[in-house]
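FYI, it's all coordinate maths here, none of it is from the lab. Fair warning: this is a prediction, and the values are worked out from it, not measured in the lab. Glycine also receives a Cβ, built like all others from the backbone with ideal geometry; neighbour counts cover every protein chain displayed.
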Amino acid sequence: MTRAGILARLTAPDAFALFAEARAIRAKTKGDACFLRGLVELSSVCDRDCLYCGMRHSNARTHRYALDDATIVACARLARELRFGTVVLQAGECPALWTRERVAGLVRRIKGETGQRVTLSLGERSEADTAAWREAGADRYLLRFETTDRALFARIHPGASMAGEHPRLAQLRRMKAQGYEIGGGFMLGLPGQTLASVADDLLTLADLRCDMVGVGPYLAHPDTPLGRDATPSEVPVSVDFTCRCYALARLLLPKANIPSTTALSTLDPAHGRVAGLNAGANVFMPNLTPRTVRADYQIYPDKVCVVAPEADSLAALRADLAAAGLAQQEG
Ligand code: 5AD
C-alpha cells in the first residue's frame, strides 16, 4: 500500500468497505479468536516529563504508587485463573524502581509459577536491560513510538535525544533482533499532528515488522502542558478515525495482534470496544491492577477500566466479543 493509498482511505467519505476487508483478512489469519491480555500497571512513578501524559514527573496533582513483587505475582496468577495466557507488565519509566535484576527476577517467577507469556512495557531502556529480560524469558515488548514526525516527537518528549534515529524506533529494531515480539504504535489527534504523518506511522509499523500494534486516540489531560495546548490537529480524535487505523494496520500486517485499546473505550464507553473489533482488532487488554491503586494510573482522565475479575465487566466483554463474532482464546 502506498502513502497516497493510505491517505485516500483515511479520508474517504465512509469506511465500511475498509472495515469489511480488514475483518476478512483477520478471519483468514486469526479465525474467530480474540486474545485477552491481563494488564498490570506496576507503578505510576515516572522520571519522564512527556507533555501529554498525566503521569509525567512534573504533575504534582497525581498520587504515585508502586506495587511490590508479591502483589505483581498475585496479579499474574489471576490472569492464569482467568485463562488469559499472557500478562502485560506496564509502568511509568523509572529504572531505579524497575532495575534490570528486579524485572528479570519477576519475569522468571511469573513464567515459572504460571507458565504464561510475559509482555513488558517499561519504556525506553538500554540494550543490556532488554537483553537480560529476554534471557529471563520475556516474550514481548510494547513501546509505542507515538509519532514518526521527528519534530513533533521532540516537542512532546523533553530531553529526547534526536541526534540519530528516532529513539523508540531504534529500540524496537534492537528488540526485534533480540528475539522479542515487538509492539509499536502511536496516538491520534496530537496538537500539530498531520494526516500525512499518520500515513507514515502506519507504514512504519509495516517497516518494523511489528508483531503487535497499539494505536489509540489522544485524550487531553488538564494537568499537562499538551492538555492546555490549543494548537489544532489535522487528525480527528474519533472512533471512526481510530478504527480506520486499526483496519489499515490489519491490511499492512495481516497477522499482527491488534488490541481495541482502552483509550478507544474511554472515548466512547458504549461503542468504542466493539467498533475496534469490527475494524479488524483481535485483542483486548482487561485491567488486572489491584483496585486500591487503579485510579492512580492516570495517563489520561476518566480512563475506563474493564476490570477483571469483576463478573459484570467480564460479561460485558464477552457480549462484545459475541457481537463481533469472536470468542476468547487462550494464548
Ligand atoms: N491520551 C492518550 N494516550 C496516552 N498515552 C499517554 N498519554 C496519553 C493521553 N493523554 C499513551 C501513550 C503511551 C501509552 C502507555 O499511553 O501512547 O505510550
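Structural remarks
- Near residue 15, no amide H atom lies under 5 Å from its own; only residues 5 or more places off or on other chains count, and H is placed 1.01 Å from N.
- Charge dipole of segment 121-218 (Cα centre as origin; +1 on each Lys and Arg Cβ, -1 on each Asp and Glu Cβ, all else neutral): 80 debye, rounded to the nearest 20.
- The label point for residue 29 and the one for residue 322, both projected 7 Å from the Cα toward the Cβ, are 2.9 nm apart.
- MRE, 222 nm, helices only [DSSP H, n ≥ 4, -39500 (n - 2.57), over the chain, to nearest 500]: -12500 deg cm²/dmol
- Inter-probe distance in nm under a simple model that places probes 7 Å from Cα toward Cβ, at residue 69 and residue 302: 4.1
- Karplus-derived 3J(HN,Hα) values for segment 8-19, using 6.51 cos²θ - 1.76 cosθ + 1.60 with θ = phi - 60°, are 4, 6, 5, 10, 4, x, 9, 10, 4, 5, 4, 5 Hz; glycine and proline are entered as x.
- Shape of segment 1-130, Cα gyration tensor, a/c cut at 1.5: oblate
- Amide H contacts of residue 328: 34, each under 5 Å away and 5 or more positions distant or on a separate chain (H built 1.01 Å from N in the peptide plane; Pro and chain starts excluded).
- Using alpha carbons only, the radius of gyration of segment 253-321 set against its Kirkwood radius gives Rg/Rh = 0.97.
- Alpha carbon centroid spacing (whole Å) that separates segment 217-278 from segment 53-95: 22
- Anisotropy class of segment 217-297 from Cα gyration tensor, a/c 1.5 cut: oblate
- Remark on residue 185: its backbone amide H falls under 5 Å from those of 145, 146, 214, a criterion applied only to residues 5 or more positions apart or on other chains, H modelled at 1.01 Å from N.
- With K and R counted +1 and D and E -1, the other residues having a Cβ less than 13 Å from that of residue 196 yield a net charge of -3.
- Approximate shape of segment 176-331 as ellipsoid semi-axes (Cα gyration tensor, √5λ), whole Å, largest first: 24, 22, 15
- Max mean-square fluctuation residue, GNM over the chain, Cα-Cα springs under 10 Å, options 170, 249, 79: 170
- Residue-by-residue Karplus 3J(HN,Hα) for segment 260-277, coefficients 6.51, -1.76, 1.60, Hz, glycine and proline x: 7, 7, 4, 5, 5, 5, 5, 4, 9, x, 7, 10, x, 4, 5, 4, x, 5
- Summing Cβ point charges (Lys, Arg +1; Asp, Glu -1) relative to the Cα centre of the chain gives a dipole of roughly 620 debye.
- R0 of 35 Å, Cβ-Cβ distance residue 47-residue 315: FRET efficiency to nearest 0.05: 0.35
- Cα centroid separation, segment 1-51 to segment 191-216: 10 Å.
- Label zone at residue 234, where the point sits 7 Å out along the Cα-to-Cβ direction: segment 6-22 residues whose backbone N lies under 17 Å: 6-13
- Multiplying each eigenvalue of the alpha-carbon gyration tensor of segment 126-217 by 5 and taking the square root yields semi-axes of 24, 15, 10 Å, largest first, rounded to whole angstroms.
- Over segment 24-89, the hull volume per residue, using the convex hull of the C-alpha atoms, is 136 Å³.
- Shape call, the chain: gyration tensor on alpha carbons, a/c limit 1.5: rounded
- Backbone HN-Hα couplings from phi across segment 147-164 [Karplus 6.51/-1.76/1.60, Hz, Gly and Pro as x]: 6, 8, 6, 4, 5, 5, 4, 5, 5, 9, 10, x, x, 5, 8, 10, 5, x
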